[in-house]
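Take a look at the structure set out below.
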Amino acid sequence: MISVTTKQLVRKYRKIIIAVGLFLVFDFIVMGTNIYSSFKISESAVSINLSGRQRMLSQRTTKALLLLQDDVRRGDDEDVIRTQKELKLVVGLFDSTLKGFSDGAIVTGGDGHPVELVKVNTDVSRRIVQEAYVIWTPYIKKLQPLIREGQFSQAQLDAAAAYARANNLELLRLMNDLTTDLEKSANDRAFWLRIVQFAGLLLALVNFGYTVVVSIRDLVTSDQEVAKARKETDEILATVREGLFLLNPQYRIGSQYSESLSEVLQREVHPDMEFLPVLKNMVPEKVYGAASDYIELLFGERVKEALVASLNPLNEVPVTTADPNGNSKTRYLNFHFNRVTTEERISHLLVTVQDMTEQVLLAQQLEQAKGQARVEVDVLLRLLNTDPEALRNLMDSANRALEQINTRLRSEDDSQSGRRLTVNFIMRTLHGVKGEAAALGVEMLETYAHVCEKELVAMRDSEEITGENLVRITVLLEGFYERLSSLTDIVSRLTSFSGRNADAEEEDRVRIFTGALSTLAERIAGDQHKKISFSADVDDLRKLPLRVVHELQAIAIQLVRNALTHGIESSEERHTLGKEETGALHISCKEIGDYRFEFMLRDDGRGISPARLRETLVNSGHLKREEANAMSDTEIARKLFEPGVSTASDADRDAGHGVGLDVVHAKIRAMHGQLLVKSRTNLFTEFHLQFEL
Amino acid sequence: MYDISEQDIHVFVDAVSHYFMQITHEKAEIRGAFLARGESFPPTFDLTGMIKISGKLRGRVYFSAPRAMLARLLLSMHESCLSDEWLLDAVGEIANTIAGNARRHFGEAMEISVPETMSTPPKWQESAVRARPYVILVRWKRHDASVIVDIEPTPSAEVQT
């Protein structure tokens, strides 16, 4: 799961956050110092200004005293009063200001407004103020009578004037020193302020530099990590054999995907490409539908990934892709989907595509090999109970059939109709082999013939029989040869083991003939849960050449198969119809004239129903309704002997491919024989084959 | 018992088909297939290219074509010299393509020889490994040629790993 929490962010940008924090702290300190200092400088300015005023006031006091002496001497009362006022003003200001310097107070400022004067705080200033008080205290006492309203004596005036003359310079010096000391103090403060400002600025610069360096270093490191991660991702994507890509919620392929993706999908891939159309072209419609539902399900937040994993329809899915030559090929692919979540939401699906063709084919081969081993053991056990002569006949017959098939494959006619005839011929021939193998219970050949037959039916029913189909048939044919060769090997080992010599064995064709058909009839009846009683009267077979007996056997096999599948009813059905629960199957072979023979097979089953057959032929598309209605019952019955016609609803190994009676027909034609079919609905069916030697 | 698969056979046939497609933009179609049974060289054509295979699989693969087909091929490549030497070169080139395809498909599990060419039917029975080699007939511009696949898995005792 990919999720970025606040904690992770703080950890990642810790250094930058600290640097910004320090920057703010330095800023506040410098700003605070500035504000404090400006306040202090303002105080100092007031003090310096007022101490300068004290110098001026000391001189104005002396001047006013001397003027008052002169005014009094001249006897000018108006001037006396004016000078008294001036004296009162300056003495009041000087005294209150001096008090302010000593203890701190609100005093009248230079502009006439009240200002706060703080008490002096240096030792020098405090000493100067004390010394000033030493002079000022007697001085103001002498001045009090002069500034009070009313008369003062000449003596009081003279005393004050004399005191002023004596102390004026000293008081001026003290006030001068005070001003100097206050200026020095202000300068000191201004100096510290500059130091603090400079230090603050310096720290801010250092901090800025640090922030820049850390940020750049982090950015570079982060870029390097991203580049490294990208390189590693690229290397992985270039090397990995699986197709890897991210699918976004709009079902589009992401910008990064593994190089092998195009190869695995066998098509060009580009970023932001829609994925579903790609899938649609590769898999069957049904699988595509299920796959798109599954992907939609995975993007839904409510469904748990693990719970729906088993619904993935794209496991070892066969896909059809075209190779560079334009030939379509079937491969097996695995599509695996994993959710990718960001901040607890599904952002993408990580899709892994694996080409499983090799593994699937190997597994199939292994399964085939296992099956074959099983079959071989099975064959061995069955063959122990089978007549060696019958086996030899079967192998000869199968070998001849395979030779015929191979010769047919070499035919020059490669038109569609020619190929279709070839496929029909091969089906007929294999069906014959299958029947003979079934009669002897040689499942190894019967099963393989059935597998081949199924593929051949698909080819026969397809629109076009291609060259690839013929290659496939050749591969199947070679498989048949291999099995036959294994069987020959097994039989020869068996013969030497049992000490029997097949050639030396007394030929009892009647026993072999009836034994094989009886085995087959019982096997099919067992498979179809039917009851059967088999009887035979075939002694005249001894009068026939072996070749003809084999042909008759091949025909009989198809007819027995046909009778059991289509004729004999189930026990329940027979019971309902008032028949014996056990069906009867009888074969006979009689000489009916000079070198003329009749071979007959009869079952007491449901008979051939022309109405039912007509319906089947119409429904299966072999005939149009009008054609079927226009045909007589006999014509309809003849259709049973054409390739591809079957009345069985499902194909299994005993019926349903519409090949059996086709084989019978071909063989009878080859024998120049005649076939007569007699049947009564729900009573019986008889096949009479008459031929001459 | 493991035998060669249909896919293995297609590797050789597709190589031929692909070759014609690349050179002439018209692929060679599969016309038919059958098993060679104890005859002389199955469908006898004039010139033959052959590769030998050893390793996990062993045997030979032949491509055999009539002169007319190879001449037509050379003409479509704008070659005007149609002597046997040039026709043999062409058949050798196709055998080479078959070898290349086989190398890609089978990887290192197989060693594939340099193609040999011949203008007389090869004495294939002496070197045949299969009882019934596969013969696949291909057709290009109405000319028939054949690919004969006579390979089988090497018995495990003989495979050097």
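The values are calculated or read from the model by the stated rules, or taken from the named source; none is laboratory data. Note that the structure is a prediction, hence the values are computed from the model and not measured. Cβ coordinates were reconstructed from backbone atoms using ideal geometry, including for glycine residues, and neighbour counts include every protein chain displayed. For the accessible areas, the whole protein counts, side chains as well, though only heavy atoms, and no ligand, DNA or RNA atoms are used. Shrake-Rupley method; radii C 1.70, N 1.55, O 1.52, S 1.80 Å.
For the stretch B:116-144, filtering for residues that are within 14 Å of another protein chain (Cβ to nearest Cβ) and not aliphatic (A, V, I, L, M) leaves 9.
Restricting the stretch B:4-30 to residues that are at the interface with chain A (Cβ under 7 Å from one of its Cβ atoms), closer than 30 Å to A:L366 by Cα and among the acidic types (D, E) leaves a set whose member that is surrounded by the most Cβ atoms within 10 Å (Cβ to Cβ) is B:D14.
Starting from the stretch A:392-418, keep only residues that are facing chain B (nearest Cβ under 9 Å) and under 22 Å from A:E446 (Cβ atoms), then list their pairs with residues that are in a loop (DSSP other than H, G, I, E, B) and among the basic types (K, R) whose Cβ atoms are within a distance under 9 Å, requiring at least 6 positions of separation or different chains. What qualifies is A:E403/B:R37; A:N406/B:R37; A:N406/B:R132. Hey, any hits in the stretch A:122-133 for a residue that's surrounded by fewer than 11 Cβ atoms within 10 Å (Cβ to Cβ) and modelled with pLDDT of 90 or more? Yes - at least one qualifying residue is present in the stretch A:122-133. Annotation: B:A90 fulfils all but one of (1) closer than 23 Å to B:E152 by Cβ; (2) in contact with a helix residue (DSSP H, G or I) (Cβ under 8 Å, 6 or more places away or on another chain); the unmet one is (1). Of all positions in the stretch A:232-246, at least one carries a residue that is under 20 Å from the mean Cα position of the chain (by Cα), at pLDDT 90 or above and open to solvent by 30 Å² or more (accessible area, probe 1.4 Å). When the residues of the stretch A:292-339 are filtered to those that are at pLDDT 80 or above, open to solvent by 70 Å² or more (accessible area, probe 1.4 Å) and acidic (D, E), the one that is nearest to the chain's Cα centre (by Cα) is A:E296. Listed by first and then second residue, the pairs linking a residue in the stretch A:223-252 that is on the phi > 0 side of the Ramachandran plot to a residue that is open to solvent by less than 60 Å² (accessible area, probe 1.4 Å), with Cβ atoms under 6 Å apart and 6 or more places separating them unless they lie on different chains, are A:Y251/A:F275; A:Y251/A:L276. On the stretch given as the stretch A:138-160, residues that are within 14 Å of A:V91 (Cα to Cα) and either open to solvent by less than 60 Å² (accessible area, probe 1.4 Å) or of a type in the set (G, A, S) (or both) total 8. In this entry, A:E482 passes the filter for residues that are in a helix (DSSP H, G or I), within 13 Å of chain B (Cβ to nearest Cβ) and modelled with pLDDT of 85 or more.
Within the stretch A:521-532, being touching a residue at least 12 places away in the same chain (Cβ under 8 Å) and either open to solvent by less than 60 Å² (accessible area, probe 1.4 Å) or part of a helix (DSSP H, G or I) (or both) holds for A:A521, A:E522, A:R523, A:I524, A:A525, A:D527, A:Q528, A:K530, A:I532.
Just one of the listed residues (A:R606, A:R614, A:R653) is touching an Asp or Glu at 6+ places or on another chain (Cβ under 8 Å), buried (at least 16 other Cβ atoms within 10 Å of the Cβ) and modelled with pLDDT of 80 or more, and it is A:R606.
The C-beta contact set for the stretch A:52-65 (first residue part of a helix (DSSP H, G or I), second residue open to solvent by less than 30 Å² (accessible area, probe 1.4 Å) and of a type in the set (S, T, Y), distance under 7 angstrom, 6+ apart or interchain) comprises A:G52/A:T179; A:R53/A:T97; A:Q54/A:T97; A:R55/A:T179; A:A64/A:T83.
This table checks each residue for (1) in a loop (DSSP other than H, G, I, E, B); (2) open to solvent by less than 20 Å² (accessible area, probe 1.4 Å).
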site	(1), (2)
B:R37	yes, no
B:T48	no, yes
B:S54	no, no
B:S64	no, yes
B:M69	no, yes
B:G92	no, yes
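Restricting attention to the stretch B:114-148, the residues being buried (at least 16 other Cβ atoms within 10 Å of the Cβ) and small (G, A, S) number 3. Does any residue of the stretch A:564-587 turn out to be over 13 Å from A:L517 (Cβ atoms), among the aliphatic types (A, V, I, L, M) and open to solvent by 10 Å² or more (accessible area, probe 1.4 Å)? Yes. Taking the criterion of being among the basic types (K, R) and either touching a strand residue (DSSP E or B) at 6+ places or on another chain (Cβ under 8 Å) or surrounded by fewer than 16 Cβ atoms within 10 Å (Cβ to Cβ) (or both), the residues of the stretch A:43-100 that qualify are A:R73, A:R74, A:R82, A:K85, A:K99. Scanning the stretch A:419-447 for residues that are over 20 Å from B:A33 (Cα atoms) and within 14 Å of another protein chain (Cβ to nearest Cβ) yields a single hit, A:M444.
Out of curiosity, is A:R410 modelled with pLDDT of 85 or more, within 20 Å of B:A131 (Cβ to Cβ) and open to solvent by 60 Å² or more (accessible area, probe 1.4 Å)? So A:R410 fits the description; yes.
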